[in-house]
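The values are calculated or read from the model by the stated rules, or taken from the named source; none is laboratory data. Because the structure is a prediction, the values reported are computed rather than measured. Cβ coordinates were reconstructed from backbone atoms using ideal geometry, including for glycine residues, and neighbour counts include every protein chain displayed.
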Amino acid sequence: MSVIKPYRFYDQKIIEQKANQLLIQAKHQDYPLDWGEGIAHRMVDLLELRMLWEFLPNDHQGEIVAKIEPLERRITLNENIDKLKNDQGYQQSTIAHEIGHWILHINQDEADGLIEQLSLPLNSLTEEQVFLCRVTGEQDINKIKLKTQDDRREWQAQYFAGCLLMPEYKLLECKRGRDLTNWKHLYAIAHELCVTISNLVYRLQKLEWIYIQKGSKQIYTGRNYIN
Ligand SMILES: [Zn+2]
């Protein structure tokens with residue numbers, strides 16, 4: 001009886017589709033999405049999750065940025081991390097990452113069912129059935145070492161976050177009248193979508209709209225670049 005699904009490989013296209021499905025759901029339910037404000041908080045509401053700020057102490061592996069407890073439908077952000085409080089893009093990325101776990105890795109029916117069935121105190125179960133997240137923003141997706149299944153889950157959640165916060169249709173809108181090989185324009189788009197510049201650059205490179213050589217700041221158009 002586990003609310004966390006066994007590990008599975010997801011094709012990147014499938015992860016993108018799952019993020020798009022959530023955006024479509026928001027549209028069907030007439031859920032207002034203000035991209036300038038960031039849409040991650042709204043997605044938390046849409047999914048009927050809760051979010052709170054709390055101090056999350058380090059464990060033996062180091063700093064914990066955020067966590068999601070499926071049985072309580074609760075996302076907790078570490079109030080002790082200033083960057084998380086002050087950098088809207090980083091915050092969006094972190095929340096969207098937790099939503100990624102909810103969508104990809106959590107057996108949602110099971111989570112709800114268990115709450116109804118059990119008279120046990122929740123904390124007797126949540127200990128093991130929780131995602132503790134250390135890498136949730138900035139360029140960190142590049143730094144995730146893909147050694148274990150847990151690492152791969154973290155990568156999947158972060159990839160989902162990028163797709164959710166920067167869907168292709170929205171990027172196409174933002175791109176109008178702009179030059180994606182110009183850093184100033186990229187910063188303007190990042191601001192417009194309330195994402196970090198590194199998340200934006202990673203996403204655009206994944207779409208192959210742009211290409212940046214490692215160690216260089218020069219942006220080239222990628223093979224899928226559309227004028
Ligand atoms: Zn995570």
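For this structure, a couple of remarks:
- As a summary of the residue check, residue 7 satisfies the conditions (1) more than 20 Å from residue 171 (Cβ to Cβ); (2) crowded, with 17+ Cβ neighbours inside 10 Å except for the one numbered (2).
- Residue within the stretch 184-193 that is over 21 Å from residue 106 (Cα atoms), without any contact (Cβ under 8 Å) to a residue 24 or more places away in the chain and basic (Lys, Arg) present: yes
- Any hit, the stretch 24-42, residues being under 21 Å from residue 3 (Cα atoms) and either within 16 Å of the ligand (Cβ to nearest atom) or not β-branched (Val, Ile, Thr) (or both): no
Let's see how each residue does on (1) crowded, with 16+ Cβ neighbours inside 10 Å; (2) more than 14 Å from the ligand (Cβ to nearest atom):
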{"site": "51", "(1), (2)": "yes, yes"}
{"site": "60", "(1), (2)": "no, yes"}
{"site": "69", "(1), (2)": "yes, no"}
{"site": "72", "(1), (2)": "yes, yes"}
{"site": "82", "(1), (2)": "no, yes"}
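- Count of the stretch 50-99 residues which are among the small types (Gly, Ala, Ser) and in contact with a Cys (Cβ under 8 Å, 6 or more places away or on another chain): 2
- From the list 171, 186, 193, the one residue that fits, being over 18 Å from residue 10 (Cα atoms), surrounded by fewer than 20 Cβ atoms within 10 Å (Cβ to Cβ) and not assigned by TED's automatic domain parsing to the domain that holds residue 100, is 171.
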